[in-house]
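Take a look at the structure set out below.
The values are calculated or read from the model by the stated rules, or taken from the named source; none is laboratory data. Given the structure is predicted, the values throughout are model-derived calculations rather than measurements. Virtual Cβ from ideal backbone geometry, glycine too; neighbours counted across all protein chains shown.
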Ligand SMILES: NC(=O)c1ccc[n+]([C@@H]2O[C@H](COP(=O)([O-])OP(=O)(O)OC[C@H]3O[C@@H](n4cnc5c(N)ncnc54)[C@H](OP(=O)(O)O)[C@@H]3O)[C@@H](O)[C@H]2O)c1
């Protein structure tokens, strides 16, 4: 069996889950990838931190040990725009395939990075960057390759969905529902990117580019959920609706129109069924009709599942 060497950047929630999942399903993954997948080095910031189930001898704080060290595939699970973007660029430029879960980097520099990957004839996998475990990138890119996508309507931020669900169910104030999400580990201490809609904006940008190509984008609306009150939920309930943070994208007159913000959804709307920190996506297409996908939008193993999907696909092709 061939051995494919993987350099891992980051070993936090998703990185740690990735290492554990690769270990847990090792023989299945070996069969499917038709190769042995071996993690050769793991970049972290803090060598002393406790990391259950991680071979400490693989840890390093030097990125060059991971990116330059004769690896075939680099998996970037650090997050943020820098230094992640530079590491991805360096890996692609030295002809390594790259897999990333980093929506921030993709929303800001995705086009450049895809171009760089094409120039060097390597792959850039990003299934885990949008909607955690839901394989929506594959559905749009492969499953719907013969279709024209008419629109995407989705719940892509689990933190906001949890907060709005809690407010609707219990009458909680926004701040209390946010604190609850933080106590459950669903929201960062600084949840600004989630509740102000930036995270959702990044994700719908990535999906829209996949579905509609490189047209200009135009924001029709870009709002967070801070201003949603318990009274808004009561009013929605009296109309048989719920309030949810919804993103959408459609092509109109040669531009991609994007929206992010709180929206009223009738209870029978497919996205009104997305509970807690889940995600959901509705795709309207010309041939396949309507497709609805639901699943875990984040979390260690759900996100690792999507990283592994890219890894097995790339490994098979090597
Ligand atoms: N969490 C989720 O559920 C989820 C879901 C889908 C996608 N994502 C995306 O996945 C990526 C990783 O998220 P995460 O939640 O796993 O983050 P995390 O738990 O904060 O882990 C980040 C890891 O990267 C390392 N790191 C951070 N900055 C570094 C630097 N400058 N140099 C070297 N190492 C650095 C950290 O090292 P230390 O361990 O030493 O601190 C840590 O191991 C992000 O792009 C995120 O948007 C996350």
Here the residues within region 132-162 that are over 25 Å from residue 300 (Cβ atoms) and in a loop (DSSP other than H, G, I, E, B) are 144, 145, 146, 147, 148
Name every residue in region 9-20 that is more than 8 Å from the ligand (Cβ to nearest atom) and out of contact with any helix residue (DSSP H, G or I) (no Cβ under 6 Å at 6 or more places or on another chain), in order of residue number. 19, 20
Options 298, 304, 249; residue that is touching a helix residue (DSSP H, G or I) at 6+ places or on another chain (Cβ under 6 Å) and at pLDDT below 95: 298
Here's a check for you: in region 48-72, which residue that is in contact with a helix residue (DSSP H, G or I) (Cβ under 7 Å, 6 or more places away or on another chain) and part of a loop (DSSP other than H, G, I, E, B) is farthest from the ligand (Cβ to nearest atom)? 53
Need pairs with beta-carbon distance below 6 Å; first residue under 14 Å from residue 78 (Cβ atoms) and within region 33-50, second in a loop (DSSP other than H, G, I, E, B) and at pLDDT 95 or above; sequence gap 6+ or separate chains. 42/11; 44/11
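Residues checked against (1) within 15 Å of the ligand (Cβ to nearest atom); (2) not in a helix (DSSP H, G or I):
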{"position": "164", "(1), (2)": "no, no"}
{"position": "182", "(1), (2)": "yes, no"}
{"position": "186", "(1), (2)": "yes, yes"}
{"position": "193", "(1), (2)": "yes, no"}
{"position": "214", "(1), (2)": "no, yes"}
Just one of 281, 242 is within 16 Å of the ligand (Cβ to nearest atom) and either touching a helix residue (DSSP H, G or I) at 6+ places or on another chain (Cβ under 7 Å) or farther than 30 Å from residue 19 by Cα (or both); which is it? 281
Find all pairs meeting these conditions: Cβ atoms under 8 angstrom apart; at least six residues apart or on different chains; first residue within region 1-17 and within 14 Å of residue 67 (Cα to Cα); second residue assigned to a loop (DSSP other than H, G, I, E, B) and within 12 Å of the ligand (Cβ to nearest atom). 8/77; 9/77; 9/78; 10/44; 10/77; 10/78; 10/79
With criteria (1) in contact with a strand residue (DSSP E or B) (Cβ under 8 Å, 6 or more places away or on another chain); (2) within 18 Å of residue 313 (Cα to Cα); (3) in contact (Cβ under 8 Å) with a residue 24 or more places away in the chain; (4) away from the ligand (no atom under 12 Å from the Cβ), residue 114 comes up short on (3)
For residue 150, indicate whether it is under 23 Å from residue 279 (Cβ atoms), touching a residue at least 12 places away in the same chain (Cβ under 8 Å) and surrounded by fewer than 22 Cβ atoms within 10 Å (Cβ to Cβ). yes
